[in-house]
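Scroll down for the structure; my scribbles are underneath it.
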Amino acid sequence: MVKRRSVFHKIIFTLIVLLIVLFCTFPFIQMLSTSLKYQWDWGNPSLIPKRINIDAYKELLNIGQAEKNVPESIKLLLEESKELTREQKKAILDKYRSTADIFPFFRYFRNSLILASTSALISVIFAIFGAYSFSRVRYKGRGTIQRSVLLVYMFGPILLLIPLYTISSSIGLISTSVGTFLTLLTIYMVLTLPVSLYMLGNYFRTIPFSLEESAFIEGCSRLGTIWRIIIPLSMSAIVTVFIYCFMIAWNEYLFASVFLKSFSELNTLPIGLRELFVSKNAIWDRIMAASMLSALPVIILFMTIQKQLAKGMTEGGVKE
Amino acid sequence: MTINQLQAPGSLLQKMNLEKRETLFGWSLILPAVIIIAALILYPIFYNVYLSFFDVKIMQENIYLGFQNHENIITDSAFWKSVLTSVIYVFFTTMGTAVVGLLVALVMNQEFPLRGVVRGLILLPYVAPVISVVFSWQFIFDPVNGLFMHIAYDKLHLFAERFNLIRSPQTSIIIAVLFGIWKNFPFTYLMLLARLQAIDRGLYEAAEIDGCSSWNKFWYITFPEIYFLLGSIILLRAIWNFNKFEEVYLLTENVKVLPVYTYIKAFTGIMDIGQGAAIALIQFILLIGFILIYVKRVLKW
């Protein structure tokens with residue numbers, strides 16, 4: 001009786017776990033599946049494509065696109081007509097290779113990458129010093145600053161968007177593309193700074209002070225101990241915080257949508273994807289492939305720091 | 001004795017110096033971050049209050065309106081509709097993430113094979129970019145190709161015709177809430193799991209000896225242990241969900257929660273930044289009001 005009940009229990013339990021996993025991963029499976037399907041296969045509820053179609057990925061990654069739009073008859077005509085010069089042939093071909101239709105995935109990817117990694121890096125550097133000051137140095141006003149940093153948790157980005165946009169446009173920061181890029185970079189850095197400070201501060205507290213004391217005795221300066229002891233010992237936490245900040249900036253849509261309005265060449269991936277979706281209909285395979293490719297870096301980064309991140313979030317508190 | 005007396009003023013001076021140096025050092029380390037936060041977060045918030053009193057013109061002189069913007073908003077029924085939408089959205093997403101997060105945390109607190117892998121997979125919705133998962137959700141609920149309509153219409157005959165749940169105004173909020181729960185429950189789960197694992201196993205063993213049922217064990221041991229954490233998480237999630245923009249706007253423009261309403265007012269069509277600033281301000285005041293009530297009632301501070 002007892003045994004039967006435990007077998008029954010085990011089956012129910014396994015089913016529940018499977019259900020949870022399915023709930024969490026289904027949209028990702030759907031994404032992968034649709035990105036690999038042909039249009040005639042979209043309505044088929046099965047997740048396994050009847051025939052694998054990687055055209056969407058090829059198009060996004062710009063593989064073998066040069067000849068795609070040229071009709072066969074034109075190709076034949078060009079090959080047979082000997083009297084045309086090479087320049088003339090090229091001019092004819094160029095007419096068909098309209099690049100306006102191609103989604104500039106690489107450019108958007110590069111923009112996102114530069115913005116997210118630079119802002120995260122600067123944020124982490126400021127946070128290392130700030131967090132050291134929070135957790136190790138005793139002085140008046142420390143508590144107040146710490147609490148104000150926490151208070152920033154309550155401000156939604158929409159509250160900052162309007163004043164920041166008004167300020168930066170009235171002082172002419174966002175009238176050039178370089179200025180816009182730097183403004184957005186600074187904003188991302190600011191948005192991630194409070195969480196970096198908080199998470200790193202909590203981590204630094206776990207490093208025994210005696211290590212630093214022995215360094216002082218050896219004649220190490222205060223800054224020297226940050227460089228030689230704190231940073232090497234908390235490298236994993238620093239990387240975690242960096243990746244966390246990177247993900248916030250990589251995923252950001254609101255500020256980018258307002259600030260990048262007049263500079264579409266600076267578009268980040270979220271903005272580009274949204275435009276692709278709004279401007280054209282029924283291109284699910286391309287949309288899904290683009291979603292897949294923009295989620296991939298984040299998922300890979302996340303997998304590498306998963307355990308650390310879980311620890312950092314639960315021990316250090318977290319902000320979105 | 002004399003030596004001690006001689007040394008005392010010196011060491012006091014040294015101590016003073018040390019304290020001063022420590023303060024200076026601490027401040028100089030934190031100062032860059034403080035300046036950045038003050039200049040780019042705190043100042044803009046005050047500037048937002050200032051802007052809400054003006055008809056804001058980019059590149060031109062602003063026109064002072066007094067409380068005109070605030071009045072316009074409070075008397076606008078669309079604003080109150082948006083407040084209601086926000087309240088519904090925040091309530092259901094917050095409660096939903098708390099319930100789902102707690103259930104998943106209880107399940108994941110048991111030992112089973114491949115638990116590490118499952119834990120990683122559960123966090124995926126939380127870390128994936130919003131923009132990349134909204135399209136997948138839209139596909140699932142797509143009236144022509146989507147799996148949901150395939151099951152609900154073709155197999156179960158729940159509806160009279162295929163329609164788009166995300167686009168239709170009555171049902172879009174349901175999907176938005178579901179999406180919010182799906183996206184954010186891993187946060188609640190993670191926090192709760194860490195707390196659950198810290199509960200003393202001995203308590204459960206003692207309860208088992210006393211013949212407690214599983215429900216009683218949960219209600220008398222687990223729940224009191226996580227009550228305050230759960231309360232704090234619900235508060236945090238309510239604040240964050242109240243401020244959510246992307247997760248709603250990118251999924252469906254039909255659900256006009258306050259941030260979406262502000263965005264549409266301030267940055268689309270006839271851009272009215274002054275009005276936008278006023279809505280953002282009122283929204284912030286509403287949030288503070290909610291936090292104060294919640295902290296008093298639930299967290300009993």
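The values are calculated or read from the model by the stated rules, or taken from the named source; none is laboratory data. Here the structure is a predicted model, which means the values were calculated and not measured. We place every Cβ from the backbone using ideal geometry, glycine too, and count neighbours over all the protein chains shown. The area values use the complete protein model at the heavy-atom level, side chains included, leaving out ligands, DNA and RNA. Shrake-Rupley method; radii C 1.70, N 1.55, O 1.52, S 1.80 Å.
Within the range B:253-301, what whole-number % of the accessible surface is contributed by carbon and sulfur, with the 1.4 Å probe and all protein chains included in the calculation?
Working: 1590 of 2320 Å².
On the range B:253-301, the fraction of accessible area on carbon and sulfur atoms equals 69 percent.
Too long at a 30 Å Cα-Cα cut-off: which of A:10/B:217; A:58/B:256; A:10/B:244?
Numbers: A:10/B:217 20 Å; A:58/B:256 37 Å; A:10/B:244 39 Å.
Those over the limit are A:58/B:256; A:10/B:244.
Under 5 Å between amide hydrogens, built in the peptide plane, is the criterion, and for residue B:245 it picks out nothing among residues at least 5 positions away or on other chains.
Under the Kirkwood approximation for Rh and a Cα-based Rg, what ratio Rg/Rh is obtained for the protein assembly as shown?
Over the Cα atoms of the protein assembly as shown, Rg/Rh equals 1.02.
Expected output is a single nm value to one decimal: the length gained when fully extending between residue A:79 and residue A:44, i.e. 0.36 nm times separation in residues minus the C-alpha distance. What is it? That pair, residue A:79 and residue A:44, stretches by 8.4 nm at full extension.
For the range A:148-164, accessible area lost to neighbouring protein chains reaches 30 Å² or more, against the chain alone with a 1.4 Å probe, at A:152, A:153, A:154, A:155, A:158, A:159, A:160, A:162, A:163, A:164.
In debye, nearest 20: dipole of chain B around its Cα centre with unit charges on the Cβ of K, R (+) and D, E (-)?
Values: 21 positive and 19 negative charges, 64 e Å.
Charge dipole, chain B, about its Cα centre: 300 debye, nearest 20.
Using the Kyte-Doolittle scale, which helices in chain B average at least 0.0 and also have C-alpha atoms spread 24 Å or more along the helix axis, with helices defined as whole DSSP H runs? Helix filter hits for chain B: B:2-37, B:77-108, B:172-197, B:223-243, B:273-297.
Here chain B is described by how far its Cα atoms reach on the three principal axes: 101, 76, 35 Å, from widest to narrowest. Look at where the Cα atoms of the range A:22-43 and of the range B:177-226 average out, and the two centres are 35 Å apart.
Spin-label model, residue A:125 to residue B:199: label points 7 Å out along the Cα-to-beta-carbon direction sit 4.7 nm apart. On the basis of the beta-carbon distance and an R0 of 41 Å, residue A:12 and residue A:148 show a calculated FRET efficiency of 0.25.
Highest mean packing comes first when the peptides A:170-179, A:19-28, B:246-255 are listed by Cβ atoms within 10 Å, giving B:246-255, A:19-28, A:170-179.
For the range A:105-316, what does the relative contact order come out to in percent, with C-alpha contacts under 8 Å and a separation of six or more? Please report the intermediate quantities before stating the final value.
On the way: 180 pairs, mean separation 76.0, N = 212.
Result for the range A:105-316 is 36 percent.
Amide hydrogen proximity for residue B:57: with H placed 1.01 Å from N in the peptide plane, the residues at 5 or more positions away or on another chain lying under 5 Å are B:62, B:63. Under the simplified labelling scheme, the residue A:214-residue B:111 pair shows an inter-label distance of 3.6 nm, with each label point 7 Å from Cα along Cα→Cβ.
The residues of the protein assembly as shown present an accessible area of 50 Å² per residue when probed at 1.4 Å with all protein chains retained. Projecting the Cα atoms of A:36, A:24, A:49 onto the charge dipole of the range A:1-54 (Cβ charges, centred on the Cα centre) puts A:24 farthest toward the positive pole.
Tell me the total accessible area that B and A bury against each other, 1.4 angstrom probe, in square angstrom rounded to 100. Write out the running numbers ahead of the final one.
On the way: alone 19240 and 19910 Å², together 31290 Å².
It comes to approximately 7900 Å² buried between B and A.
For the range B:76-297, averaging the sequence separation of C-alpha pairs within contact (under 8 Å, six or more residues apart) and dividing by the residue count gives a relative contact order of 30 percent. Label-to-label distance, residue A:278 versus residue B:286, with points set 7 angstrom from Cα along the beta-carbon direction: 2.4 nm.
Please compute the alpha carbon radius of gyration of the range A:105-316, then divide it by the globular-protein estimate 2.2 N^0.38 Å. Two decimals is fine. Mind showing how you got there, number by number?
Details: Rg = 19.7 Å, N = 212, 2.2 N^0.38 = 16.8 Å.
Ratio of Rg to 2.2 N^0.38 Å for the range A:105-316: 1.17.
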